Amino acid sequence: MSLGPWPKVDAAPPKPAVTVPPLRQVRLAEPFEALRDAADAHAAETGKPYEVFLASLGQVVDHNVRSTWIKNYLAAGGIAAVMTDGYADAEAAAKAFKSSSLSAACICSSDAVNAEHAELTAKALKAAGAKLVLMAGRPGDREAALKAAGVDQFLAAGQDAVATLGDLQKKLG
């Protein structure tokens, strides 16, 4: 009985030209979970969470986009944002910051409001005792003036969030 016209095949498979190691499985949320676990451990150890005062300038319509963004950005790293409906000027923001007993503040508003008030607000926050002044958004050509006024760090989309939030935890701790 014939099995057909097929030739007999060698039992050994051919050797691959390239061997590719298997990919390591990773969950994209892991680094953020580690940051939040570290924040929880800090809160359990010290009795208080990492917190940043939001110096939201102008009306809600002026600062809502950046205030909401920075609140969520910080929360991804286990850092709470202390927020209100906003402050009319630098003096009001600094007065509220001083009564908060926090050590860090973040200036949040639209580009137009920041152009008018951010430098004065940074100076006022430093004078009110802020050890760390952040600013939500890119500074553009005003970076040098804002840093000279007291802004220590800018937080913006596109930065390495895990590294930035981990660094902020160290600064706040």
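Bear in mind these aren't lab numbers, they're just calculated from the coordinates by the rules spelled out. Small disclaimer: the values here were computed from a predicted structure and weren't measured. Quick reminder, even Gly has a Cβ in these numbers, built from the backbone with ideal geometry, and neighbours come from all protein chains shown.
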Checklist entry - Rg and Dmax of the chain over Cα atoms: what are they, in angstrom? => result 25.8, 100
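Using a Förster radius of 41 Å, what is the FRET efficiency between residue 145 and residue 26 based on their Cβ-Cβ separation? Nearest 0.05, please. Intermediate values should be presented prior to the final figure.
Numbers: r = 42 Å, r/R0 = 1.01.
The formula returns an efficiency of 0.50 here.
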Next on the checklist: Charges on Cβ only, +1 for Lys and Arg, -1 for Asp and Glu, centred on the Cα centroid of the stretch 1-101; of 58, 92, 12, which one is farthest towards the dipole's positive end?
Outcome noted: 12
Next on the checklist: If I build a Gaussian network model for the chain, linking alpha-carbon pairs within less than 10 angstrom, which residue out of 47, 86, 78 has the largest mean-square fluctuation?
Outcome noted: 47
Checklist entry - When the chain is fully extended, how far beyond the present Cα-Cα distance does residue 61 get from residue 89, taking 0.36 nm per residue of separation? => result 8.6 nm
Checklist entry - Using a simple charge model, +1 on the beta-carbon of Lys and Arg, -1 on the beta-carbon of Asp and Glu, nothing else, what dipole does the chain show about its Cα centre, in debye to the nearest 20? => result 440
Checklist entry - So how do 19, 68 line up by other beta-carbon neighbours within 10 Å, fewest first? => result 19, 68
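Hey, fewest Cβ within 10 Å first, where do 83, 135 land in order? If you can, show how the numbers build up before the last one.
Details: 83 18, 135 30.
Ranked by crowding around the Cβ, least crowded first: 83, 135.
May I ask you to sort 67, 56 by Cβ crowding, counting other Cβ atoms within 10 Å and putting the fewest first? Numbers along the way, then the final one.
Numbers: 67 24, 56 28.
Least crowded to most crowded, the residues run 67, 56.
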Next on the checklist: Pick from 71, 98, 48 the residue whose mean-square fluctuation is largest in a GNM of the chain, springs joining Cα atoms under 10 Å.
Outcome noted: 48
Checklist outcome for this item: Stokes-Einstein D for the stretch 49-151 (4 °C, 1.567 mPa s, Kirkwood Rh from Cα pairs), in µm²/s, comes to 99
Item to check | Förster-model FRET efficiency, 25 Å R0, residue 157 and residue 103, C-beta, rounded to 0.05 | outcome: 0.50
Item to check | Over the stretch 80-121, equivalent-ellipsoid semi-axes from the Cα gyration tensor in Å | outcome: 18, 11, 9
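Nearest 500 deg cm²/dmol is fine: what mean residue ellipticity at 222 nm does the chain get from its DSSP H runs of n ≥ 4 alone, each adding -39,500 (n - 2.57), divided by its residue count? Spell out each step's value before the answer.
On the way: 6 runs with 80 residues, N = 173.
Mean residue ellipticity, 222 nm, calculated: -14500 deg cm²/dmol.
Could you give the length gained on full extension between residue 68 and residue 8, defined as 0.36 nm per residue of separation minus the Cα-Cα distance, in nm? All intermediate terms of the calculation are to be shown ahead of the outcome.
On the way: separation 60, 0.36 × 60 = 21.60 nm, distance 6.98 nm.
Between residue 68 and residue 8, full extension yields an extra 14.6 nm.
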